[in-house]
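Below is one structure, written out as structure tokens; comments come after it.
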Amino acid sequence: MNTVILAGVVLSAIISLPAAYGQSGSLNIIYTGSMNGKLEPCGCSPKTDYGGVARLAGYIARHGRELSPYLLIDAGNFTARDTPQGRLQAEAMLRSFRIMKYDAVALLSNEKAFAEDFLPSLIRRYDIPAVSDSPPYDTSVLVKKDGFAVNISTNPKDYRKDALNIFLTDIPVSGSAATGSWDIIISSSGEIREKPLKTNGTIIVSGYPEGKRPGLLRLQVDAKGDITDFRHEWLLLGGDSEENADVRNVLDDYDSGVAGLLKESGKPPGGTAYLGVAKCAECHRPFVESWGKTRHARAFASLQQAGKGADPECIACHTVGFGEKGGFYTIETTPELANVQCEECHGPDREHIEDFSRPMKPVSESVCLKCHKKDNSPDFDYERYLEKIRH
Ligand code: HEC
Ligand code: HEC
Ligand code: HEC
Ligand code: HEC
């Protein structure tokens, strides 16, 4: 009993000594969380074309001096899945973190789902300050910057009396509010929280999903280490933002790696389900001509311009039947099935060719919504869009 009280007295004595804590003044925290392997936005629409690691690195290169002292933190779930493409994303993400000199990177649910040896070897190779609740990363990271001491951990019990404490978690904000002793909680639960929440003296923020908006917390810290004031903003890095060349190189490497995936995995899925527009043209020339004037007929060129002509995450919506039997595979093996062709909307129906009195399935709005999702096509409006593709 007595020793507990004594320990409390000694601790509070340490806290009241400003020198033990360090600097007062302003400190900035730039944070990401729940990036889910998204290294950059797809560029499908200018309205959703925000974020990405190359622009973040460009921003930091340009504004680092005025933001200094600052910390860069990823609150976890920066990877998606343990697939061949997911592994390439994970490596490109860690290389980018390395270039930007992230101060701490949490390994949470998505990272834990990777096969055991995969991430540790990359973390060693790129010298990433990783924190997690399992060894060897289960000790908190203590960052010292310009006299500030910042303790960062994913273990709720791991806070320190002599530092500013930042807790990283992927539990949603409402659930993690319980952990009172922390100055800041950064969540990577994937929830969108426009503004920070302040409860029991703890500032809670949540990484914007898919890296679309890195967060910036500007803190005022007094000599006792208490946050006396803070401001929060999202960094809106759109298509006109400057990219960092080194991170761009990492992304270009990633694209070449991805381009190798379809070649490596061997044969395209067999079958002859899709005929391609050339076949339809034999009997529907006027339709083919008017389709040729729509953007659907140039959808593959858009990918090639972006260097993504062999990225399975893109070609699914910019070609015919990708991933299905007899659908698009690569531009080399199935050039006749590039672009959003007739059969993407009307469906493959070989019997129509033998007996064209057989009606094809009617095209409804749900067909469009396969590809015109909110993030890819925020302006989608069935009536208006249908008018533009009428043939
Ligand atoms: C297989 C995926 C897919 C389906 C299904 C699809 N689209 Fe598209 N659509 C695209 C892609 C990809 C583009 C962009 C092409 C480009 O410019 O690279 C696009 C572009 C468009 C555009 C041009 C937008 C503009 O502002 O000019 C219109 C209009 C459009 N689609 C309407 C429709 C309608 C209506 C449907 C349903 C009847 C539909 N689309 C079904 C993938 C699809
Ligand atoms: C879920 C389907 C889908 C996926 C996946 C997808 N796109 Fe798109 N993309 C679209 C649609 C729909 C449009 C047309 C949007 C509109 O104008 O309303 C589009 C448009 C585009 C455009 C044309 C933008 C313009 O204004 O000229 C580019 C470039 C593009 N996509 C690149 C990509 C890249 C790169 C990827 C992969 C990282 C990708 N897309 C993945 C559906 C998709
Ligand atoms: C983006 C989806 C989409 C694509 C791609 C598309 N169509 Fe259509 N098509 C439609 C829709 C929707 C209708 C019904 C239009 C309407 O309601 O007026 C239609 C109607 C038709 C009709 C019937 C017209 C009628 O009078 O009933 C034919 C024939 C046709 N399309 C052929 C084609 C051919 C050939 C291609 C390829 C060159 C093609 N379509 C590409 C969506 C598409
Ligand atoms: C051998 C000639 C021929 C070919 C090839 C052909 N069609 Fe047709 N298609 C027809 C004829 C003829 C009609 C008109 C049938 C009618 O009016 O009853 C028709 C009607 C349609 C319609 C109108 C709606 C319906 O269900 O009746 C659509 C849509 C259509 N075709 C799509 C396609 C597509 C997509 C392709 C390529 C995959 C294609 N057709 C290939 C001859 C052909």
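Key figures for this structure:
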quantity	calculated
Residue among Lys263, Lys267 that is more than 16 Å from ligand 3 (Cβ to nearest atom), surrounded by fewer than 16 Cβ atoms within 10 Å (Cβ to Cβ), under 30 Å from Pro41 (Cβ atoms) and modelled with pLDDT under 95	Lys263
Test result for Ile99, part of a strand (DSSP E or B) and buried (at least 16 other Cβ atoms within 10 Å of the Cβ)	no
Subset tally (residues that are free of Cβ contacts under 8 Å to residues at least 60 places away in the same chain and not in a loop (DSSP other than H, G, I, E, B)) for the range 71-85	1
Tally of residues being touching a helix residue (DSSP H, G or I) at 6+ places or on another chain (Cβ under 9 Å) and either away from ligand 2 (no atom under 16 Å from the Cβ) or assigned to a loop (DSSP other than H, G, I, E, B) (or both) across the range 283-298	8
Index of the failed condition, Thr294 passing every other in (1) near ligand 3 (Cβ under 9 Å from one of its atoms); (2) without any contact (Cβ under 8 Å) to a residue 12 or more places away in the chain; (3) of a type in the set (Ser, Thr, Tyr)	(2)
Any hit, the range 164-187, residues being surrounded by fewer than 18 Cβ atoms within 10 Å (Cβ to Cβ) and in contact with a strand residue (DSSP E or B) (Cβ under 6 Å, 6 or more places away or on another chain)	yes
Helices (runs of 4 or more DSSP H) fully within the range 306-372 counting 1 or more residues that are of a type in the set (A, V, I, L, M, F, W, C), over 23 Å from Pro84 (Cβ atoms) and touching a residue at least 60 places away in the same chain (Cβ under 8 Å)	342-346, 350-354
Counted residues, the range 349-377 - those being in contact with a helix residue (DSSP H, G or I) (Cβ under 9 Å, 6 or more places away or on another chain) and away from ligand 1 (no atom under 11 Å from the Cβ)	9
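The values are calculated or read from the model by the stated rules, or taken from the named source; none is laboratory data. Nothing here was measured: the structure is a model prediction, and the numbers come from that model. Using ideal geometry, Cβ is built from the backbone for each residue, glycine included, and neighbour counts are taken over all protein chains shown.
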